[in-house]
1. Per residue of region A:966-976, in order, report the coupling 6.51 cos²θ - 1.76 cosθ + 1.60 (Karplus, θ = phi - 60°) as ³J(HN,Hα) in whole Hz, putting x for Gly and Pro.
2. Strictly over 24 Å apart at the Cα level, which of A:166/A:491; A:17/A:66; A:282/A:308; A:201/A:306 would you flag in this model?
3. Which angle between 0 and 90 degrees, to the nearest 10, do you get for helix A:155-170 versus the longest principal axis of chain A when only C-alpha atoms count?
4. For residue A:386, which lysines qualify as cross-link partners when the Cα separation must be under 17 Å and same-chain residues fewer than eight apart are set aside?
5. List every residue whose amide H lies under 5 Å from the amide H of residue A:678, counting only residues 5 or more places away in sequence or on a different chain, with H placed 1.01 Å from N in the peptide plane.
6. Using amide H atoms built in the peptide plane, which far-off residues or other-chain residues are under 5 Å from residue A:349 H to H?
7. Step by step: find N for region A:197-408, compute 2.2 N^0.38 Å, then divide the Cα radius of gyration by it. What's the final number?
8. Among A:331, A:315, A:10, which residue has its Cα positioned farthest towards the positive end of the charge dipole of chain A, with +1 placed on the Cβ of Lys and Arg, -1 on the Cβ of Asp and Glu, and the dipole taken about the Cα centre?
Amino acid sequence: MVIEEAQRSYNPLIIEKRAQEFWESRKTYQMSQKNREDGPRFSFLDGPPYCSGRIHLGTAWNKIIKDTYLRYKTMAGFNVRRQAGWDTHGLPIEHKVEGLLGLKSKKEIETKIGIENFIKKCQEFAIENQAVMTQQFKLLGVWMDWDQPYVTFDPKYMESCWWTLKRAHEKDLLVQDLRVITWCPRCETALAMAEIDYENKEDPSIYVKFPLSVSEPELSGNTSVLVWTTTPWTLPANMAICVHPDYDYAYVRDGEETYLLAEALVDSIFGEKDYEILKVVKGSQLEGLEYQHPLTQEIPVQNDFKHKILPGEHVTLTEGTGCVHTAPGHGPDDFEIGKAYGIPIFCPVDEAGLFKQEAGKYQGQFVKEADPYIIADLEIHGRLFKEGIIQHRYGFCWRCKTPIIYLATEQWFLKITQIKDQLLSELDKVEWVPSWAGESRFRNWIENARDWTISRQRYWGIPIPIWTCSDCGEMTVVGSLEELAHLSHEKLEGDVLHRPYVDQVNIPCQCGGQMQRTPDVLDVWIDSGVAGWAALYYPQEQELFEQWYPYDFITEGHDQTRGWFYSQLGCGVIALDSVPYRKVLMHGFTLDEEGKKMSKSLGNVVEPDEVVAKYGADVLRFYLLWANKPWEDLKFNWEEIKNINKMFNILWNVYVFASTYMGLDDFQPKRYNPEDVKLRDEDRWITSRVQSVSQEVTEAIEALHLHRAARSLQDFILEDLSRWYVRLIRGRTWIEKDDPDKLGAYQTLYLTLKQVVTLMAPIAPHLCEDIYQHLIRCLETDLPESVHLLDWEVDETLVDHDLEADMDVVRHIIEACARARDTARYKLRWPVQEIVIVSEDQKVLEAAQNLESVLLEQANTKKITPSQEFQDLKIIATPNMKTLGPRLRKDVPKVAAKLAEIDGKKLIDKMEADGVFMIDLDGSTVELGPGDVTMETELPDNVTNSEFPGGNVFVDTQITPEILSEAMSRELVRRIQDMRKDLDLEVEAHIQVSVDCSAEFYNLVKPFLDFISHEVRATELLFQAPDGDYTKDWKIEDHELIVGIKQLE
RNA sequence: GGGCCCGUGGCUCAGGCGGUAGAGCGCACGGCUGAUAACCGUGAGGUCCUGGGUUCGAAUCCCAGCGGGCCCA
């Protein structure tokens, strides 16, 4: 087979479509898995994306990191498990479905369409999105097991989750308790900490007077405790006021009234008012003082309670009054205080956030909407001290964005606080990249972890497998469907695990009553937390679990510290006493160009599909891995995307270059014997380089420093391969026939490109596949049919560090030559007679000698002379006026004249030998000491120099007749080439050239006629009036000529 | 309020066991011309976020502050 002609320029859309169709038709992914069936296992667990819509850039980045790493692992010989996962349950989907169906509350769900239909819709919605997102991931070239993913609504998956809860129960870690928890009044459910977003919010800020029941006689008039709150709606539930026992509290007289508040905050509240501090006491002295609720008229129930001042360690002096309004039904701290002092947990708010009957006048009002009414009532009773507005951080339901409220409710908890030590010790067994992700960040989270509220009063989720008897209170946790069938004596078939079906299954209780299921569903973080074994259907099935658990690797964004990293650790310790993962890469977030979070409301969202449509998936993949360290946030930047695209274009150009010439010459890598091929230093150099880069890339990917791998490849492709190697071998590709020298270049370039596409295949799978197919495999048909089936190999024996170092030096020298020519305005096309390389570093001189052929050609010189010094440097001694002026006076000019004639080098030698130098001056002798002359150096005419790291180059730019002759010939060649290009001739086309020029010009180029003919593929080179298809006038220096060319058949 | 990370030319980022600041892009100028809707060279451009400290010497180490991101309260 022969090389196929390459597309002119890099067209990712065609290439990627072609590659994906190829993989699809050849089932390449499946082959790559099968290929490694017997390799060592490497287990990976996909953090399941949530199926609520299209993927965004962050999701794309996440999967691209996974895909690159796993493709590499597969090529490196591992049997990699890479099942895709999908997170499908929970409020986000319920919320979207509610929107689609126009439902506004739980009541509407149950009465308007019913739970059964609602669940069905949720499932359909999840399945649709799963399909869309799968397609998007595939478009990015992500290889996973898309056909057999784990899905959290799969009944078998759900059973594993039930089993986990049963384990928690067996360990006594599953408890029901009345606690104050964060609550979404719109979704009417408990929320876990992980389900709350914090944003800025405007709220009322009011100071309320709570009158003390008994006024002390010495404080004339009424005394009120001053309390600050931003949630007036919690005032109806006020049961106590807390003060810090150690702080000082002041009685402050302001006009007719007296107020009690922390002394430290008096100034911030009374400020410029004309107030008087009557007395200061410790907080502890205030304990037990009784006060009156300010809204007893509106809320008669409040008359039945006694209200006291209580001590509270949680009270701070950062804001407010140091006297904290305490409503045990609406705050976690308040709740603890209430329990400690036996105060009733009064909570006059229902699950929808509406005031209940106990709230008296406010009954039926939504809490937040009652704020102004409550404020107004306080005002009427003269209980409002001050009113304002405050901007502060407040929690919102992560999905419906409703401000959360705190409610005292009965919920189910996992007692995380009880297993915290075990969580921490398991954490120590995990390897984190970067290390601080685990050692600092995650550890900090776990140290602060509280018990985990796992019950949700919703529909689309894994039902809590807890059955309780309403008669005797007996409770049982069911661990599987089979167990439920057994206990209920019912035949259970199909998906009976979801609501509402499972709600109808009752279990006969020993007491003779019926056990009914707790109607709650589970927090979705439990769903994904159990993925480690649920994806393997453990414990229902054992074999996969034994093979693949625990997982060698997971990677997710840093938001998953509180999410999946945590839920897996918690569930893992509960179910299996171990953390399910061994190594974690915590990656960053994608931000917009200004470093702001991408969000729909800001309109700065970049869709991955948009980038793919413009530049292709490979460019996006390479960019995302290249742009920064994986664990840092990534500022998306279109300019950089273009930059990467440019690099791909250059790689493509190298490939086009290779395929063009190799195709013309019908190059066959397997046809030649070693003796047919002549390798030059530059061939050995690029071979060494590509293996060095292979080492770097391997180390970088292994360390998950994917940016280093990408940057190393980029640097190699641009600097070494394109800018240097291709430049060095260009001359050799122009040689006719099967010249060993040309074959050496072909073979080296071929093997280098082969290694590059292998190395780059995990990052840019499509492009590498395309080049592999059309340059490599079409010539080596016995190779595996896809680049992704190759073995990852590095041949360290080909690495020659000395050669690489030498080439570095030589590149610097050649650049210096170019600079020197540039300053002398001496064209690179014109050869020079000699270049002297001067360095005190022996290694530099050796490098110049070792790679002399490269230097001669690239510096376009006839001769290279390495030297420790530049012999032709003129040294000129000039008189030092400071010393000689006073001494010699008017003889100074004569001395100066003499010095100018003398060879400076001899003067130095003499002075070094004798310590003095004598000058004859009209009979008299002048004695010059070392301080009397200063030395200057001067370059000879026609020499320019330039520095490079390690030395200097001296370029002889003198134009001899021979040089001029060659220069003119090259100038003529360039012009004829230009005309060939104007005609868009095929590279190998032969032409006839006729040149009309002066006799002088003809004589100049005469010695180079063969050279010219060869360079421009002229079968005939005639010096006569042009008679061609195409003629053009040219001026070369002072020579005017007319050139005509004609294509020959 | 707490934890973690980040803050280097106009832009994106290297460097970071302390020793005269680097690259790419962009800009300006010059060059090259069968890889050519490319490529090469040169130049301008930096209080290395701010302020303290340690040190002969700090972009680098320490402390405080400011700004950004994530997580928590």
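Every number here is computed from the coordinates shown, using simple stated rules; none is lab data. Since this is a predicted model, take the numbers as computed values, not measurements. Glycine also receives a Cβ, built like all others from the backbone with ideal geometry; neighbour counts cover every protein chain displayed.
1. For region A:966-976, the Karplus-derived couplings read 5, 4, 5, 4, 5, 5, 5, 4, 4, 6, 5 Hz, x marking Gly and Pro.
2. Those over the limit are A:201/A:306.
3. Relative to chain A, helix A:155-170 is tipped by roughly 60 degrees.
4. A:209, A:273
5. Result for residue A:678 returns A:741, A:743, A:744.
6. Answer set, sorted by chain and number: A:356.
7. Here the Cα radius of gyration is 0.99 times the empirical estimate.
8. My answer, from the dipole projection, is A:331.
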